[in-house]
Amino acid sequence: MVGTARTQEPHLPQIDTALARRLVDAQFPQWAGLPLKLLDPAGSDHVIYRLGEELSVRLPRHAGAIGQARKESEWLPRLAPHLPLAVPVPVAVGEPGFGYPWQWAVSRWLDGEVATVEALGDSPEAAVELAGFLVALQRFAPVEPRDDLRTHPLSDRDRATRDAMAEVSGTFDATAMTALWDAALDAPGWDRPPVWVHGDFHTGNLLVDDGRLSAVIDFGGLAVGDPACDLTIAFTLMSAGSRAAFRTALGVDDATWLRGRGWALATGLNAYTSYAATNPRIAAQTARQITQALEPS
């Protein structure tokens, strides 16, 4: 997940189809007869299987993702009726078993392919549609942000981001990265009531069906606070023209936009330094995210 910085864990569970089959059959025998098919490639946070035609099984890969099953089960049924794009509908939360240590989720399957820059990057219509999704999310009545629903300030990423900038200074413009990061940290903070945020709003968490945006997935970062973090989508998916349409439709002020560029830089650097050496797909996506965030806007 691009939105969450995490350290490497020494002992991660070994997840395979046999384990997933045993968990489903033991805890949800009503689905024991349904075929189970690995979704590949999946995200960095979960191993995902399609269960029959209408369900999916998501097993966290690491401890940083273990709260997602319970969080989505609690909040997505409340949010979904108010949102203009489909979101996952949780139907069950599984418990640890057979050596697997964490809760896991069964949700309704959503048809579609992961959105790409090639398909939607130059589309102002898609940009405006995504702005509409965020507006609807932000309008849903916020709750008092408890610990698992509280956004973190950009400054929490300062040390890790500066270390990452030093690591990639030969690949990206070090002067431009430092200037943007310093400006984002110095920008005025969010001084209005907290709002709901997706928390990991990037290209990999959007689905397209029949050429149109159809769904937003992976709400592990769902939280209440400053909406600047969700502006990352403007730099992972959009070109300059569609980005301008997105900003206008969303009505973003200069300070929030600048913090959003800072979020795009920080999360892009985190993913690039974590995965670029082993995953060319993530390397290309996050390199674009970083360079787009550095563009004057």
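Worth a mention:
- Peptide ranges 164-175, 127-138 listed from the most packed, as the mean C-beta count within 10 angstrom indicates: 127-138, 164-175
- Taken about its Cα centre, the stretch 1-120 carries a charge dipole of about 280 debye when Lys and Arg each add +1 at the Cβ and Asp and Glu each add -1 at the Cβ.
- Stokes-Einstein diffusion coefficient of the stretch 17-110, Kirkwood radius over Cα pairs, 25 °C, 0.890 mPa s, in µm²/s: 181 µm²/s
- Among Pro124, Pro60, Pro29, the residue with the largest mean-square fluctuation in a Gaussian network model of the chain, with springs joining Cα atoms closer than 10 Å, is Pro29.
- Computed helical MRE - 222 nm, the chain, DSSP H runs ≥ 4 contributing -39500 (n - 2.57), nearest 500: -12500 deg cm²/dmol
- Neighbours of Thr203 by Cβ distance under 12 Å: Lys/Arg scored +1, Asp/Glu scored -1, total -2.
- When the chain is described by a simple charge dipole with +1 on each Lys and Arg Cβ and -1 on each Asp and Glu Cβ, the residue from Tyr272, Trp31, Val208 located farthest towards its positive end is Trp31.
- Signed unit charges on C-beta, dipole axis of the chain, positive-most listed residue Ile233, Ala287, Leu85: Leu85
- Once both labels are positioned 7 Å from their Cα atoms along Cα-to-Cβ, the gap between Glu74 and Asp111 label points is 3.4 nm.
- Per-residue ³J(HN,Hα) for the stretch 45-59, Karplus 6.51 cos²θ - 1.76 cosθ + 1.60, θ = phi - 60°, Hz, x for Gly and Pro: 9, 9, 8, 10, 10, 8, 10, x, 9, 10, 10, 10, 10, 10, 10
- Computing FRET efficiency as 1/(1 + (r/R0)^6) for Asp173 and Ala277, where r is the C-beta to C-beta distance and R0 is 22 Å, gives about 0.60.
- When the Cα gyration tensor is reduced to axis lengths a ≥ b ≥ c, the ratio a/c is 1.5 or higher for the chain, and with a/b above b/c it is classed as prolate.
- Rg over Rh for the stretch 167-293 works out to 0.96, using Cα positions for both radii and the Kirkwood form for Rh.
- For Tyr100, distant residues with modelled amide H under 5 Å away: none
- If only the Cβ of Lys and Arg carry +1 and only the Cβ of Asp and Glu carry -1, the dipole of the chain around its Cα centre is close to 400 debye.
Every read-out reported here was derived from the displayed coordinates using simple, explicitly stated rules and does not represent laboratory data. Source: prediction; values computed, not measured. We place every Cβ from the backbone using ideal geometry, glycine too, and count neighbours over all the protein chains shown.
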